[in-house]
1. Highest first, please rank the peptides 60-67, 2-9 by the mean number of other Cβ atoms sitting within 10 Å of their residues.
2. Anything in the chain that counts as a DSSP H helix reaching 24 Å or more along its axis (C-alpha) with Kyte-Doolittle mean of at least -1.0? List them, would you?
3. Considering only Cα-Cα distances, which of the following residue pairs are longer than 27 Å: Lys235/Lys277; Lys118/Lys259; Lys120/Lys259; Lys97/Lys152?
4. Please give the length that would be gained between Ile255 and Thr363 if that part of the chain were fully extended, namely 0.36 nm times their separation in residues minus their C-alpha to C-alpha distance (nm, one decimal).
5. Which lysines, on any chain, are close to Lys352 with Cα under 17 Å apart, when same-chain ones fewer than 8 places away are left out?
6. What is the gain in length, in nm to one decimal, between His201 and Glu79 on full extension, counting 0.36 nm per residue of separation less the C-alpha to C-alpha distance?
7. Using a 10 angstrom cutoff on alpha carbons, build the Gaussian network for the chain and name the most mobile of Leu357, Leu384, Leu375.
8. Under a point spin-label approximation (7 Å from Cα along Cα-to-Cβ), what is the Thr219-Val112 distance to one decimal in nm?
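Just so it is clear, none of the values below were taken in a lab; they were calculated from the coordinates. Small disclaimer: the values here were computed from a predicted structure and weren't measured. Here Cβ is always computed from backbone atoms with ideal geometry, including for glycine, and neighbour counts include all displayed protein chains.
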Amino acid sequence: MATVIQAYRFALDPTPRQRRALASHCGAARVVYNWGLGLVEARLQQRRAGEEVEVPWTLPALRREWNRVKGEVAPWWAENSKEAYSSGLDGLARALKNWADSRAGRHKGRPVRFPRRKRKGRCRDACRFTTGAIKVLPDRQHVQLPRIGILKSHESTRKLARRLEQGSARILAATITRTADRWYVSFTVEVQRAIPQGNGHDTVIGVDVGVRHLATLSTEATVPNPRALQRSLRKLRRLNRQLARRKLGSKRRRITRDKLARVHARAANLRRDALHKLTTTLAIDYGTIVIEELNLAGMVRNRHLARALSDVGLAELRRQLTYKTGWYGSRLVVADRFYPSSKTCSACGWVKAKLTLAERTFTCEACGLRLDRDLNAARNLATLAQHVAQSGWETQNSRGADRKTQPAGQVAVKREPSSPLLQRA
Ligand SMILES: [Zn+2]
């Protein structure tokens, strides 16, 4: 038995009054975050000017400062649970630590920027509760949160309730979030699970997520999008075109934007659901699963809908596989970001210089292979996995959660020594 941290997320059906309370808590968390950031900036200024002042850098220090002045800064503070203020200050303390660690070279990945102010309507509405009455009620239809009270769950809480009743789970925290106009609660739960050493399979499968299909497997199977998702994607394209026609700052633009946000949220939910079914099957039925690493830098502010959607799908696929391979005893291999899985010929290893997303078929100029682009990519990932399985070359990624590999040996990218990508890899 091992203890794992797991999240259970449920959509809520709050009453109008509860909606206001939820929004108020998230607003309070944002306000206190901005207040704390302002204080830190001011103290840093003073220190730079030569004054001997303490800069509140940790959650306890920030909380002390807050409790001293909250009566003046926010006379309404008693309207919300104290957890709202803790939540905001905790977020700030983490952001400051990440920035400091990054400056000191203790943080892997891209440099972390100094925290910036959160803007209403632009930032994520969220608030985390770590103490107080956090419960899943035995009727499996309601949850309880400090101050907000008993909320109706939109979906059954059966899965979590069952574990809580058996005593194999313990709730550590609850986070409320808003996506479009829907509220969710996510419970962070400590769960006792039997973790197997292996799942009895030594098979390897490559998975590539897409937009037209949910996923393409190296076994040549295509996993179709659920019909409801296909419909949502069509709606999304239409609304995106509509939004582009609307005048900036107009009322109609706002209406279209809200509509778009709702369809986006629904499409994401449908896709996540479908991916859950797929990843469970994969983690149970295959020994090794290979996916591509996500290009996080390229993900930010991408104007191309197709690219953005497949990035989101890939991130979700990886997230789910990371923990499910652990649960079921299979292995996850993440191909390096610079491994050109879709540009490499899966038959001879020739690498195409440029392949746009619109090109659905891969055509090899060296051996003449013509193949569906996603299938070609999935095959390359499976080949890479075979190679990794044979050489046993694995490295931990920054989170240490799964295994990652870099192109090596016979992998095609070696043939382009002048490639700028290779120099960084
Ligand atoms: Zn070829």
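1. Ranking, from highest mean packing down: 60-67, 2-9.
2. Membrane-span-like by this criterion, though nothing is claimed about a membrane: 16-48, 82-103, 251-285, 305-328, 373-391.
3. The pairs that break the limit, which is 27 Å between Cα atoms, are Lys97/Lys152.
4. Here the segment from Ile255 to Thr363 would lengthen by 34.5 nm.
5. Once the sequence-local lysines are set aside, what remains near Lys352 is Lys343, Lys414.
6. Result: 38.4 nm gained on full extension.
7. Maximum among the listed residues: Leu357.
8. Spacing of the two 7 Å Cα→Cβ label points: 4.1 nm.
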